[in-house]
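The values are calculated or read from the model by the stated rules, or taken from the named source; none is laboratory data. All values reported here derive from a predicted model rather than from experimental measurement. So basically every Cβ, Gly included, is an ideal-geometry build from the backbone, and we count neighbours across all protein chains shown. For accessibility, only protein heavy atoms count, side chains too; no ligands or nucleic acids. Shrake-Rupley method; radii C 1.70, N 1.55, O 1.52, S 1.80 Å.
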Amino acid sequence: MTFPVPLAATPVRRDATGARLTVNHHPTPTDPITPPGAIVLHVFAHSDVGRTREHNEDAFVVADLSRGDPLSFDHLRTERAGNRGTLFMVADGMGGAAAGEIASEMAVEVVLQQLRRRWRDAKTVEPVAFVGTLKAATEVANATIHHYAGDHPELRGMGTTATIAGLLGDTLYLAQVGDSRAYLVRDGVAIQITKDQSLMQRLIEAGEITVEEAELSDRRNIILQALGPEPHVKIDLTHQRVRRNDVLVLCSDGLSGLVKPEQIAQAVTEEANPELAAERLVDLANASGGPDNITVVIARFDGTGLESAAPVDEIGHRVFDSPDLMTPTSTPPVLRVESIEETIAPLPPDLFERTPPPVERQRRGKLYVRVVAAVGIVLTLFFLWQVLTKL
């Protein structure tokens, strides 16, 4: 039995807790010599085990889709965006034993592999085709994780969130499953451009609780969608046009659950270097207890290929509206794990003897189906009550 090694992994050093140690060269972001009309990315990504977990169940990948190669991050990277775009992705695994770790690693592997196969040599670079490819890649990842868990009963309940952002031209196209997040920081303000697929978000939209109450709820970690637990998944597809000096921040809830949007904005505004900003945000989360794994991807956009921001520009959760993408595609193929083109490594012999993660992480996987059903019943009764009271 094998599983893929995470694409984002590089020859890294880890401390005694398993946290990734970053080599800090602290370069200053500067534009390389590029032709007119180029889009330049200053990007850094980092994942930290936190102060409580024994294992890191998060995974990430950043890749140039023209080449299909994942970037390594022992220092800040400055890249020119290719004509096929750039992939940014964060996945936060869940499940007992090491199931979450396997699920998140499989997610980033499968998504990137699918983009290589479906997009790198595609005949068109139209946005609707790109979004369709992101959606299809996410569906294949879901089906593959679900099938893998079915073949291995000890991994039953495994799953992972997925926040996937693809930059094509001057626009970010996003595929969202779960409660990892994407923020866009512009002019010192961080605005969430994804929407959590969580119990708290559903209750906020129903008017039953406030955002402030949701932040304090002991149910704030319950999600309604994840890759893996179910054979099919509902993917939230959105888009956001970027401007020069905008900053994209992707993160797992180990960061967003502890660090407020204004703190995220302050960090990336005061630290022009994404590497330093990432370190600062991870330190903030750990200073608040670090109860979960912490993963952050930060990309600052520059270059003459981007326009300057204007007051009329809109930022936020903007659905990518296309009739071709509103319904599920045909049943996605299931990849054999052994078919993934990256380096394959055997499962460690002590994999299922490791200390399980804290109870709340296991509960997220086990309660997934029951929570979805319960939320549907509660909301139906709530809206029925509203209708009856108006009669």
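So how far, in whole Å, is the C-alpha centre of the range 169-203 from the one of the range 95-136? When both Cα centres are located, 18 Å separates them. Ordering 271-279, 158-166 by mean Cβ neighbour count within 10 Å, with the highest value first, yields 158-166, 271-279.
Identify, among V177, A136, A98, the residue whose Cα sits farthest towards the positive end of the charge dipole of the range 94-180, taking +1 on the Cβ of Lys and Arg and -1 on the Cβ of Asp and Glu, with the dipole about the Cα centre. Highest projection toward the positive end goes to A136. Straight Cα distances below 17 angstrom link K123 to none of the aspartates and glutamates, with same-chain residues fewer than 8 positions distant left out. Here the range 37-120 is treated with +1 on each Lys and Arg Cβ and -1 on each Asp and Glu Cβ, and its dipole about the Cα centre works out to around 580 debye. Using R0 = 30 Å, the C-beta based FRET efficiency linking S288 and T124 works out to 0.05. For the range 226-272, carbon and sulfur atoms together expose 46% of the accessible surface, with a 1.4 angstrom probe and every protein chain in place. Take every pair of alpha-carbon atoms less than 8 Å apart whose residues are at least six positions apart; their mean separation over the length of the range 79-214 yields a relative contact order of 26 percent.
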